[in-house]
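Contents: one structure, followed by commentary.
The values are calculated or read from the model by the stated rules, or taken from the named source; none is laboratory data. Just so you know, these numbers come straight off a predicted model, no measurement behind them. All Cβ positions, glycine included, derive from the backbone under ideal geometry; neighbour counts span all protein chains shown.
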Amino acid sequence: MARPKSPAEQQIRAYQLFQTEGFSAIAILTNLELEYDTPVSLRTVYNWLKVFKNARDEFTQYDEEFAWHKLSQFDLPWESSEFILAMWKYVTRYSRLANSAWVLEETQNADGRPKLTYRLDVDLLSEDEPMPPPPMKLPPPTFRQAKWWWRIHLAVPDVEFEDLYWLSQRFVDRELAQTVLGIPATYADLEAHLAYQPWHCEDCLEIYLTAVQEQQIPQISQETFSTSEREAIASSLDWQPLTLTETWSAPFNIMLWSQILERLRQGWPSGS
């Protein structure tokens, strides 16, 4: 399931493999070749690694693999232990089950040369899979993720693990884009989404939409759904490619992950 994605997305993926797995340039390129139709060159990866190595500071250290005994080093209170460990258990179990369903398969490039790529083997998936498999193998959870898990849990404590994972991942993705690509992170739309909780009830949804219409708050960005999130949603629907419109209109793009999947399974059109 290789994907023709932009060099920017590959750069973030390379950064994750470098930070959490300690991969070399060649190992990173090997993974990019498995996951993308048009991977960047080895020279490009080497150039990225130079930047990554020079960028090791208090901000990038949050992309270290999560370890409970280091909580206090990352400004996470020990009181968060019960929740974060439960969330870590949930996500690592999901990663292990989902990653095991990805197998290597030999395909061909456009010029007919053989190449290896990942393929999802649905027969290897358990029926009690906690979440749909992601569009690529997942790295271990990081302190950056744990930080946002805790923050989102404090903001919306009644949200289940599955939904909290994706709510927090939106913040993680934007923060990563700033760290790796230098794109200034903005969170006003995501914060308004958390504050109004439009997924909670019909009245909450109406209040949120009215506030957006009256320009009291910014509507959640149409780019909120990352490529990974869109493809993970698509993979949950009979494991077939799904064409999603670029403009997912409200209330579609402001609902929780579990609600989106439920409505999609009921045949809810993407433009409604």
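Quick notes on this one:
- Remark: pairs (first residue in the range 207-231, more than 15 Å from Trp166 (Cβ to Cβ) and of a type in the set (A, V, I, L, M, F, W, C); second residue assigned to a loop (DSSP other than H, G, I, E, B) and at pLDDT below 90; Cβ separation under 7 Å; 6+ apart in sequence or on different chains) = Leu209/Ala250; Val212/Gln219.
- Selection status of Lys137, at pLDDT 85 or above and within 22 Å of Glu64 (Cβ to Cβ): no
- Counting only helices (runs of 4 or more DSSP H) that sit wholly inside the range 168-254, not one has at least 3 residues that are modelled with pLDDT under 50, touching a Lys or Arg at 6+ places or on another chain (Cβ under 6 Å) and of a type in the set (Val, Ile, Thr).
- Scanning the range 151-167 for residues that are surrounded by 20 or more Cβ atoms within 10 Å (Cβ to Cβ) and not in a helix (DSSP H, G or I) returns a single hit, Val159.
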